[in-house]
Every structure is written in structure tokens, then in C-alpha cells.
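Read the structure below first, then the notes.
The values are calculated or read from the model by the stated rules, or taken from the named source; none is laboratory data. Just so it is clear, the model here is predicted, and its values are computed rather than measured. Here the Cβ positions follow ideal geometry from the backbone for every residue, glycine too, while neighbour counts run over all protein chains shown. Surface areas here come from the heavy atoms of the whole protein model, side chains and all, with no ligands, DNA or RNA. Shrake-Rupley method; radii C 1.70, N 1.55, O 1.52, S 1.80 Å.
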Amino acid sequence: MAAENVKIFFIAIDPERHRDQLILPRNFTALYPDLLGSCVILRDLGGRLWHIEVIRSEERIILTTGWSDFFSHHSLTFGYMVIFEYRGASTFLTSILDHSACEIHMGDPGGSSSTSQPLPSFQITMSATRFCHRCIFVPGTFASTNLPRFVNDVQIHDAAGRVWQIGVDRRDNGVVRRFTRGWAAFYTTKNIRPGDTCVFSLINGDVPAFNVYKVAVGGGEQTMLNEA
């Protein structure tokens, strides 16, 4: 799929709001108001297709009948992240991240198993002496292994579905060296501070895109950065 045609949004799951229906992000539906018909198809990573009824209300697009089955089958719970990648013809490829930012793969349609595979990621502790409010250095091993060479930009997606375009500085061999243009705005908006530790989890390599999680003081729990 061509980079300019990729349409992705993310939903951070809250069972009280999302168990029975799902309102698609306004910034996605505003850009593509005529993209979807009266039914959408969700394809999970196990290959199963889920037909979900769509209703429109006050310029919002809502997934209704069939969504609760998808929700229950994938055992969605608070803090899980569902990624929707539009593939045309009212069809989305979906993937699910658990609390540890691992991608969950369900078994066959009647299956009883699931596995988690860690997504490529790197961790940065923000330091005022290294000007982390202006740019951050990407570990060379991570960049050379996981990111395409001579790329100009990467994306960061927050829990509200907003996409941040971040420019990069490259080494002579094309390997990404730093996140630069746009990083300062993200840093400020998300109230990141010196001393904070953030995990950058790569969710798409062809068009490099990251989720960013802040690690709780003392380590362990990670929280995806939302709109401040």
C-alpha cells in the first residue's frame, strides 16, 4: 500500500465506553467522511472477518451490531490498544496491543489460544543536559535493524488517535540518528519532563510509526501518552 494511502487510527480501550459500541475518532471521520458504507469488515491477525454495522449520528460514525462480539472474542480490557488500518472497501486490518505493548495474536476462529510477540522498541530517559526537549537520539542498533534507510519522517500516534509527523536527522549511511522537527511540540504537549522514561514501540516499519509509553516511576507499568 502506498504510504500516502495508509489510513490508521488507534483506540485505547475502556470497557465502560467501548464494550457495546465504538465511536470512531472525529479526526479520522472528518478527513474521510465518505470512506465507509453501512457495514465495515474488521480482519484480525488470525484471519477472521467480522462484519460490523455502522450508524451515523451527529456527524459521528459508530460501530454497533457485531462490535460487541469482536470485543468479547478478543478479550479486550482496560488499557488495551486496538489499531485500525484501512485497507479499502470498508475493510480494516486490526491488531491489538496488551498492557506491555505486545501484539496479541488470536488462534483460529474457534481457537482457544493466543500468543504475544514483542514489538520492536527502544527506551529513552529524558535528560535536560542532552536537550531531549528539542530532539532525541535513536539507538543505532535499533535504527539500523528496524527502520528503513534514508527515511525523512516518522510518525507518533497518541491514544486519542492524533498523528504527529516527526522529522529525522540521518547518518551518512542513511540510518536514522535523531528525531528532530516536530519532537519539541510533542514533548511540550504531552508534558514530558526531564527524568521521564519513555518507550517508543514501532507499530509499522514500512511507514515508520510509533506508539510512545511513559514508564511509571520505579519501572514496570507503562501508560500510552494521550492528549494533554
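Descriptive notes on the structure:
- Placing a label point 7 Å from the Cα of residue 123 along the Cα-to-Cβ direction, the residues of segment 173-201 whose backbone N falls under 13 Å of that point are 196-201.
- Solvent exposure of segment 165-205, expressed per residue, is 43 Å² of accessible area, with all protein chains present and a 1.4 angstrom probe.
- Pair-distance profile P(r), taking every C-alpha pair of segment 162-217, with 10 angstrom steps and integer %: 19, 53, 26, 3
- Distance between the pseudo-spin-label points of residue 73 and residue 207 (7 Å out from Cα toward the beta carbon): 2.6 nm.
- Extension gain for residue 180 to residue 141 (0.36 nm times residue separation, less C-alpha to C-alpha distance): 12.2 nm.
- Label-point separation, residue 55 to residue 87 (7 Å along Cα→Cβ), nm: 2.8 nm
- Extension gain, residue 134 to residue 30: 0.36 nm times the residue separation minus the Cα-Cα distance gives 34.3 nm.
- Length added when fully stretched, residue 165-residue 41, from 0.36 nm per residue minus Cα-Cα: 41.8 nm
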